[in-house]
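A quick write-up on the structure given underneath.
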């Protein structure tokens, strides 16, 4: 049987894509690895419009054609800039696959497509952050060629920090 999963670049102006994006991101937010809390009403109602205003943002959606094109996975990416390489980079900001569809390499396929977009934009690298306890995601990222960032092993690995402004 041919794989019924197909991946496309999200069209933020397409209501079906917008609904899929918000629904998938909300499902991810509700997952323990996404914080176990639903997206706010504000985020649900403004997310797609705000993403569409960001010229360096893009999203990819995975649909299951065998289930009436049910949305099953997404990746949201933001273009940044590497000052050391003096080239764009692409940050994989969100990668989510519905629980019933995990283990089918959909996340890996989404990353392959994100890499294709990154290469087309002349990006020097893909970046992402992941919780250390998310072992299945860590395995996926390793299979896809991601590794911890370091300049000199004696200086250690880079860490991801945040300071909330809300």
Original post:
What FRET efficiency comes out for the pair residue 105/residue 50, r = Cβ-Cβ distance, R0 = 25 Å, nearest 0.05?
Top reply: 0.25
Original post:
In Å, what is the Rg of the alpha-carbon atoms in region 104-166, and how long is Dmax?
Top reply: 13.9, 38
Original post:
Expressed as cubic angstrom per residue, what is the convex hull volume of the alpha carbon set of region 1-43?
Top reply: 98
Subject >> Length gained when the stretch residue 86-residue 149 is fully extended (0.36 nm per residue, less Cα-Cα span) >> reply: 20.9 nm
Original post:
Tell me, what is the percent relative contact order of the chain, built from C-alpha pairs under 8 Å that lie six or more residues apart?
Top reply: 18
**OP:** Starting from the Cα-Cα distance between residue 37 and residue 19, subtract it from 0.36 nm times their residue separation and give me the gain in nm to one decimal.
**Re:** 4.6 nm
Original post:
Which of these, 91, 76, 14, has the largest mean-square fluctuation under a Gaussian network model of the chain (Cα springs below 10 Å)?
Top reply: 14
Subject >> Read-out Rg and Dmax of the Cα atoms in Å, derived from the coordinates shown; its label in (i) 21.6, 78; (ii) 16.2, 52; (iii) 19.6, 77 >> reply: (ii)
Original post:
Which residue fluctuates the most in the chain, going by a Gaussian network model with Cα springs under 10 Å, if the choices are 41, 11, 31?
Top reply: 41
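Every number in this text was worked out from the coordinates using simple rules, so none of it is lab data. Everything numeric here is computed off the predicted structure, so don't read it as measured data. Reconstructed Cβ throughout: ideal geometry from the backbone, glycine too, with neighbour counts over all protein chains shown.
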